[in-house]
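Notes to accompany the following structure.
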Amino acid sequence: MSKIKDLWSFMTEMETPVYVKCEECGGDGRYEVDVPMPHGFGRDVGYLDSEWVTCDECGGEGQVEKTCSDCGEYMSAFDGADKTVCFECRHP
């Protein structure tokens, strides 16, 4: 029975994605953008307003799946959370 558990934990580790903080929003899930407001009848000059928008990169989650720095494929827990290169690129 222990071999089946070991195989199951190995397969789970191979499929478990590793997440890192989103570079676009800094892990907040949203960021502030400038919105130009044109002049109107009651105001003679335009101005810059700001609003918060949901990050497109992470979809508001604040984290994205880690990718291999060599091949660009998504990394799993099997590759190691502290590694920057996937198992396939480390062992050609």
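Starting from the 7 Å offset along Cα-to-Cβ, what nm value, one decimal, do you get for the label separation of S2 and V85?
3.5 nm
Between E73 and V53, what is the spin-label point distance in nm, taking each point 7 Å from the Cα along the Cα→C-beta axis?
Distance between the two pseudo-spin positions: 3.4 nm.
Taking volume of the Cα convex hull per residue in Å³ as the quantity of interest, determine which of (1) 120; (2) 164; (3) 105 was computed from the displayed structure.
The value matching this structure is (1).
Quick note: the coordinates plus some simple rules give every number you see, no bench work behind them. Here the structure is a predicted model, which means the values were calculated and not measured. Note: ideal-geometry Cβ built from the backbone for every residue, glycine included; neighbour counts use all protein chains shown.
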